[in-house]
Amino acid sequence: MSHEKGNVCDEGRFKTLFRELSKDLHDFLYYKYGAGNHPADIVQEAFVKLWNNCKNVPPEKARAFLFTVANNQMLNELAKRKTALRYQDTVEAKRYTLESPEFAMEEEQYRQRLQAALESLTEDQRVTFMLNRVEGKKHQEIADMLGIGRKAVEKRIYTAYKIIREQLGDF
């Protein structure tokens with residue numbers, strides 16, 4: 001993204017910002033707060049606020065503005081609902097397969113243990129780990145996205161791997 005002077009009121013510039021930042025913003029909210037807290041809605045609201053404040057936001061500050069607004073909006077929504085942070089278990093449709101019942105049971109046990117291991121991570125470790133492993137983000141991309149150093153990202157991912165390996169044990 002270029003560091004041009006001015007603001008983000010230009011429609012073309014705004015569309016470019018949306019194209020470049022909306023997925024990262026969504027992924028950040030999804031991994032930090034869970035799918036059940038409707039991260040896509042918060043992303044839309046953050047971009048609406050950016051548009052409404054476009055004259056006051058230079059292009060190089062748009063990313064920080066969006067992440068701050070989205071995070072604050074999510075915290076406000078959570079406070080309104082007075083809910084604890086929960087990650088929804090996805091409800092899987094029954095699968096009719098030729099797999100043995102033992103295999104299916106083992107697979108379910110592994111999935112549950114992996115979910116428990118992910119939930120045992122700190123929020124920072126989980127967000128960083130998921131951005132790396134699920135989204136394929138490089139360490140420097142994650143550092144830039146979260147506003148932390150690359151070494152901090154590496155440490156979070158290493159620690160998350162260690163915890164998950166310990167909790168999965170013999171699987």
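Some notes on this structure:
- Theoretical FRET efficiency, 1/(1+(r/R0)^6), r = Cβ-Cβ of E135 and L114, R0 22 Å, to 0.05: 0.80
- Taking L17, L114 and ordering them by how much accessible surface each has at a 1.4 Å probe, largest first, produces L114, L17.
- Applying a threshold of 27 Å to the alpha-carbon distances of K61/K138; K15/K137; K49/K155; K15/K151; K49/K151; K49/K138 flags K49/K155; K15/K151; K49/K151; K49/K138 as lying beyond it.
- Where labels lie 7 Å past Cα in the beta-carbon direction, separation of A64 and E11 in nm: 3.0
- Charge tally for W51 (other residues, Cβ to Cβ under 12 Å; Lys, Arg +1; Asp, Glu -1): +1.
- For the set T159, T128, T68, solvent exposure ranked by accessible area (probe 1.4 Å, protein chains only) runs largest to smallest as T68, T159, T128.
- Over all other residues within a Cβ to Cβ distance under 11 Å of I148, the charged ones net out to +1, with Lys and Arg as +1 and Asp and Glu as -1.
- Eigen-decomposition of the gyration tensor built on the alpha-carbon atoms of region 112-152 gives equivalent ellipsoid semi-axes of 21, 11, 6 angstrom, largest listed first.
- Ranking C54, C9 from most to least accessible surface, computed with a 1.4 Å probe over the protein chains only, gives C9, C54.
The values are calculated or read from the model by the stated rules, or taken from the named source; none is laboratory data. Quick caveat: nothing in here was measured; it's all calculated off a predicted structure. In this analysis, Cβ positions are derived from the backbone assuming ideal geometry, glycine residues included, and neighbour counts consider all displayed protein chains. Each accessible area value is taken on the protein alone, full model and side chains, heavy atoms only, with ligands, DNA and RNA left out. Shrake-Rupley method; radii C 1.70, N 1.55, O 1.52, S 1.80 Å.
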